[in-house]
Amino acid sequence: MSNTTVESVLSKVNTPDDVKKLSIAEMNTLADEMREYIITKVNTTGGHFGPNLGIIEATIALHYVFNSPKDKFVFDVSHQCYPHKILTGRKEGFTNPEKYNTFTGYTAPEESEHDLFKVGHTSTSVSLATGVAKARDLKGETGNVIALIGDGSLSGGEAYEGLNNAAVLGSNMIIIVNDNEMSIAENQGGYYKNLEELRRTNGKAECNIFKAMGFDYLYVEEGNNVESLISAFSKIKDSTHPVVVHIHTEKGHGCDAALANKEGFHWIMPGTLDSVNETQAPQGESYTSITTDYILEKAKKDPKVFTITPATPGAYGYSEDFRNKLGKQYVDVGIAEEHAVAFASAAASQGAKPILQVLSSFIQRTYDQLSQDLCLNNSPATILISWGAISGADATHLQVFDIPMMSNIPNLVYLAPTNKEEYLAMLDWSVEQTSHPVAIRVPFGEVVSTGVEDKTNYSLLNKFKMAEQGSEVAIIGLGNFFGLGQRVKESLKSSLGIDATLINPCYITGLDEEMLEGLKQNHKVVITLEDGVLDGGFGEKITRFYGNSDIKVLNFGAKKEFTDRVPLDGLYERYHLREDLIVEDIKKCL
């Protein structure tokens, strides 16, 4: 891109009002410039790629026709908000490499008056926008409320609930359905069959789910054509009733690599484009590969075994080849974690052996289904919780809340393996047993292997493993933090001459009261280490056990807070999750 081109269009656009001054030709040039900057920036920092490239023209058209912030835009998931950020005063976050990390990857009201909500989870925009419209009506105000939804978000339960309510609002409510023929992976479910029929008939199919719900409906086939979009949006601006505008866009529009691999380029790591044509070296063993290898082997031997993903197969290494090999023993339910839990529970109750894999951040959507559909019915389903750990992630994708959420539900057995062999043993026990709903917190990080098969009988619930017997100080290292416990033990020995006891608890959901009681004989301090938030977590259960004794307990983990892109080292220092800081705290306690 030449500097002359940048100065002729993008340099003139600092607010949405500037977009209104452009000709169609200038807007097309602006779209090209924005696309190049998004490609360069996201390839440098990582982030959502294909969804943002596909919504650029629609974003320009929206800001040309409507008047933000008087007219309210509500984005779903924030997968598609990068173009909006460029047009609302934040373009330096995309044009200036020194400011690439200035702005978040999601809508953020503290950044701009043009953003209404912090949003990072799916299927929320219609519900949020309906609430905004209701408040507008109650206050006697005017203005358009526009919800943008798509990229698979229609498969989430809240999207249906929001649409159901929005359809009868009786006032201005505009829903832009961005149909790029994809979810994160391929679309799944009957809803998308109707979208396909509407695309095939240019919006004229007699079967129209949106009309059936009571919406006016407008179809735009050329969803990456600024002029067509401006025409459509102008027709429904200031509508006095709920309207759906169904736009057919192209995910990854303008980038050949993203078009050739729409699933792989939904979200990319830094440098992905640089290596797209390189021969990839074989990846080493990971907990992802351990899981997929186990599932494939297990499914071959037992037709009752099947795996479930809520629309995020790539996060678990569920490649196209993996999915094809499993055939009917693989189910993608769409972005519908609540349904996935109930589905798995019911299948398990009838003798099938479901393995549901969900990211820690996304299991938060399923509390009632875990409690009622799964655990109240004591269905022996297996749930794998991935990426559970303290991290430097943004505030919308923190993975630290699963332990308090899940460990306090009756009947659930929540396990925390510390190495490959434990993980495989726990996984196989869970799939084969028929007495409990079981969740396993998949280890996060580099694979740790003992090389020795784990023959533990996990049916003997809540039996902790005494890894190393010592005295004075006992270290209970849960899951990911067992290794930290080993380092703390070594540091205590070298700095204070204390030969500490080291315990691997294995179970998040229960206590080995016999072992804990035994520690009272020759221990003064017990410390707990957990890779998650402390409030309501594992460590507090240990503290409660020792509450009426002379044993002092120190809990180490994350504070109850929303962190936002804070470097992991900084969080570890803040939470005293370094062995030197832990040893210093133990020394003070002693």
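Just so it is clear, none of the values below were taken in a lab; they were calculated from the coordinates. All values derive from a computational prediction rather than experimental measurement. Don't worry about glycine lacking a Cβ; one is built from the backbone with ideal geometry, like all the others, and counts go over all protein chains shown.
Quick notes on this one:
- For His79, His436, order by how many other beta-carbon atoms lie within 10 Å, fewest first: His436, His79
- Between the Cα long axis of helix 337-349 and the first principal axis of the chain there is an angle of about 50°, rounded to the nearest 10.
- Compared with the rule-of-thumb size 2.2 N^0.38 Å for a compact globular protein, segment 233-320 has a Cα radius of gyration ratio of 1.66.
- Among the trypsin sites (Lys or Arg not before Pro) in segment 401-490, those located in a DSSP loop and surrounded by at most 11 other Cβ atoms within 10 Å of their own Cβ are Lys455.
- Relative protection proxy for 510-517, 410-417, 150-157, from highest mean packing down: 150-157, 410-417, 510-517 (other beta-carbon atoms within 10 angstrom).
- Close amide H partners of Tyr330, meaning residues 5 or more places away or on another chain with modelled amide H under 5 Å apart, are Thr307.
- Prolate/oblate/rounded call for segment 287-441, Cα gyration tensor, a/c under 1.5 rounded: rounded
- Reported to the nearest whole Å, the Cα centre-to-centre distance from segment 210-230 to segment 522-550 is 57.
- With q set to 0.20 Å⁻¹, the log10 of I(q)/I(0) for segment 461-581, from the Debye formula over equal scatterers at the Cα positions, is -1.13.
- Given R0 = 35 Å, the distance between the Cβ atoms of Met213 and Thr434 translates into a calculated FRET efficiency of 0.25.
- Distance between the C-alpha centres of segment 386-448 and segment 134-181: 36 Å, rounded to the whole angstrom.
- Relative contact order %, the chain, counting alpha carbon pairs below 8 Å whose residues are six or more apart: 10
- Computed magnitude of the charge dipole of segment 465-589 (debye, nearest 20; Cβ of K, R +1, Cβ of D, E -1): 160
- Note on the chain: dipole from Cβ charges, positive end direction compared against Val244, Ala299, Asn378; the farthest Cα belongs to Asn378.
- Correct option for semi-axes √(5λ) of the Cα gyration tensor in Å [calculated from the coordinates] among (i) 47, 27, 23; (ii) 52, 35, 18; (iii) 46, 34, 20: (i)
- Using θ = phi - 60° and Karplus 6.51 cos²θ - 1.76 cosθ + 1.60, couplings along segment 9-18 (whole Hz; Gly, Pro as x): 10, 4, 5, 8, 9, 10, 9, x, 4, 5
- Between Asn14 and Tyr191, the FRET efficiency estimated from the beta carbon spacing at R0 = 35 angstrom works out to 0.35.
- Annotation: amide H of Ala381 within the under-5 Å range of Val438, sequence separation 5 or more or interchain, hydrogens built in the peptide plane.
- Stretching the chain fully between Gln469 and Glu297 yields a gain of 58.2 nm (0.36 nm per residue, less the alpha carbon separation).
- Placing pseudo-labels 7 Å out from each Cα toward the beta carbon at Thr201 and Lys520 gives an inter-label distance of 7.4 nm.
- Dipole magnitude for the chain: about 780 debye, using +1 per Lys or Arg Cβ and -1 per Asp or Glu Cβ, origin at the Cα centre.
- Across segment 120-142, the residues whose backbone nitrogen lies under 19 Å from the label position 7 Å along the beta-carbon direction of Ser171 are 126-142.
- Using alpha-carbon coordinates, inclination of helix 420-432 to the longest axis of the chain, degrees: 80
- Cβ charges +1 (Lys, Arg) and -1 (Asp, Glu), total dipole of segment 3-252, debye: 380
- Nearest-ten-degree value, helix 190-200 long axis tilted from longest Cα axis of the chain: 30
- Considering only Cys207, Gly570, Gly536, the residue lying farthest towards the positive end of the dipole of the chain is Gly536, judged by Cα position with unit charges set on Cβ.
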